[in-house]
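The values are calculated or read from the model by the stated rules, or taken from the named source; none is laboratory data. Predicted, not measured: the structure shown is a model, and the values here were computed from it. All Cβ positions, even for glycine, are placed from backbone atoms using ideal geometry, and neighbour counts span all protein chains on display.
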Amino acid sequence: MTSAFAVLQPGGGEIPGDHYLPASPETVLWGRLPCAADAAVLTIRSGETVTVDTVSHEGILEDHGKDPLGYFTAQGVAPEAVLEDAIAIAAGLSRDPSADGPHVVTGPIRVEGAEAGDLLRISVVDLQPRVPYGVISNRHGKGALVGELPRGDVHVSVFTPVEERDGRLVGLLPAVDGGARTVAFPLAPFLGTLGVAVAGAERPHSVPPGSHGGNIDINLLVEGTSLYLPVQVAGALAYVGDPHFAQGDGEVALTALEASLRATLRFDVIPRTEALAAFGEVTGPMVRTPEYLVPTGLHPDLNEAMRACVRAALTLVEARWGLQEHLAYAYLSAATDFDISQVVDIVCGVHARIRESDFAAIDAARGRTTETGDPAATGSADRPVETGSPVAHEAAGRG
């Protein structure tokens, strides 16, 4: 990561991707997610990388005055450290707070060759903090303790500076409101929202996640990991947003440490036949880290989300490694952690961490020799991608 104090205004700083997609009123949606009727703001080939600017909703929402410059300077932020694209989005776009979500997403990005039934792999190549601050909010009676917190207020936002300590970036919270003592916690940036467009002409609300991905809030999606999503429309029409500097599993107060990121992502189309051979039927978001395969379960009822995640994990273990159902069930019970992604986004999320090294003998016998363990790992790109290659700066407008 770059220094926490290097403010990344639009077009400034390092842009390592094959393409660059800034955030602007022409290239984002606010409160809703793309559908099949939306025009792409950028078209790429499978295997290419895109450096995407994302903008946090904190500071631009109506209960912050819809004025990021005013809100953040009131917290002691220098005017030049307030993002110009956040100011432009707040000034140039509107949403219906009673009907729309809070999130700003950049996109959609059309990936050539993607068809319904394929998988789209979004690999997180690089994540750079754009500003040295963020916000953690508990507002409007939402969060894990509905009816208990916040007390006597409908809007509690905690401004959170970021600094480097002992070679790592940390967020700072006051031990007592207004006091000099602080609690310092490590940052682990990730994008809370990564998704593909849904079929039809109705844009989904930005808050609840689903089979399209969206606001999944899985904090494992740091640099060096990937998200697999079932493609629902031609071209996939991918989008990203809801940037976080840090989040605990559960996200209990309603938000994570919300703060803007510059993300470099690689997009690969995995044809359906290859996807089925590698993972079986994937019907919702699935994460891959260097250690784990991570199927998910989503449902408004947390118990049902857990059951859905167990079923997805069973399907994956049976299809990928050939275990009989009762053996797969036993393995998951003995060796797999099921974590609560979040409980605050209308639809709750659970994700399972299946350790791939436990199946090394099976993989070796089946000849899985790629670094990620399956023939589909190379994707279907026409050429290899060098993430350090010269950048084609393409900032397409919404059609």
Considering only the range 17-40, state which residues are among the aliphatic types (A, V, I, L, M) and either crowded, with 23+ Cβ neighbours inside 10 Å or part of a strand (DSSP E or B) (or both). Leu21, Ala23, Val28, Leu29, Leu33
Residue match in the range 51-58 (condition: assigned by TED's automatic domain parsing to the domain that holds Gly195, surrounded by 24 or more Cβ atoms within 10 Å (Cβ to Cβ) and hydrophobic (A, V, I, L, M, F, W, C)): yes
Please work out if Thr43 is of a type in the set (Val, Ile, Thr), surrounded by fewer than 24 Cβ atoms within 10 Å (Cβ to Cβ) and either touching a Pro at 6+ places or on another chain (Cβ under 6 Å) or in a helix (DSSP H, G or I) (or both). no
So Ser123, is it hydroxyl-bearing (Ser, Thr, Tyr), touching a residue at least 24 places away in the same chain (Cβ under 8 Å) and assigned to a loop (DSSP other than H, G, I, E, B): no
Quickly run through the range 293-312 and pick out the residues that are in contact with a helix residue (DSSP H, G or I) (Cβ under 7 Å, 6 or more places away or on another chain) and under 21 Å from Leu120 (Cβ atoms). Leu293, Pro295, Thr296, Gly297, Leu298
Among strands (runs of 3 or more DSSP E) entirely inside the range 261-371, those with 1 or more residues being in contact (Cβ under 8 Å) with a residue 12 or more places away in the chain and of a type in the set (Gly, Ala, Ser) are 261-270, 292-299, 337-342, 348-355
Pairs needed: first member in the range 151-167, assigned by TED's automatic domain parsing to the domain that holds Pro129 and within 12 Å of Leu254 (Cα to Cα); second member anywhere, aromatic (Phe, Trp, Tyr) and not in a loop (DSSP other than H, G, I, E, B); C-beta distance under 8 Å; at least 6 residues apart or different chains. none
In the range 234-260, the residues that are of a type in the set (A, V, I, L, M, F, W, C) and assigned to a strand (DSSP E or B): Ala238, Val240, Phe245, Ala246, Leu257
Tell me, which residue of the range 262-317 that is among the aromatic types (Phe, Trp, Tyr) and in contact with a Leu (Cβ under 7 Å, 6 or more places away or on another chain) is surrounded by the most Cβ atoms within 10 Å (Cβ to Cβ)? Phe267
When the range 116-151 is checked residue by residue, the ones that are among the charged types (D, E, K, R) and within 22 Å of the chain's Cα centre (by Cα) are Asp118, Arg121, Asp126, Arg130, Arg139, Lys142
Among the hydroxyl-bearing types (Ser, Thr, Tyr), on the phi < 0 side of the Ramachandran plot and in a loop (DSSP other than H, G, I, E, B) - does that describe any residue in the range 61-71? no
Search the range 69-91 for residues that are in the same structural domain as Val131 (by TED's automatic domain parsing) and pair each with any residue that is of a type in the set (Gly, Ala, Ser) and exposed (fewer than 15 other Cβ atoms within 10 Å of the Cβ) when their beta-carbon atoms are under 6 Å apart and the residues are at least 6 apart or on different chains. Tyr71/Gly65
Residues satisfying the stated conditions in the range 176-191, i.e. on the phi < 0 side of the Ramachandran plot and exposed (fewer than 10 other Cβ atoms within 10 Å of the Cβ): Val176, Asp177, Gly179, Ala180, Arg181
Determine whether Leu172 is in the same structural domain as Ala23 (by TED's automatic domain parsing) and either crowded, with 24+ Cβ neighbours inside 10 Å or farther than 20 Å from Leu293 by Cβ (or both). yes
Condition test on Asp53, is it touching a Pro at 6+ places or on another chain (Cβ under 7 Å) and farther than 30 Å from Val156 by Cα? no
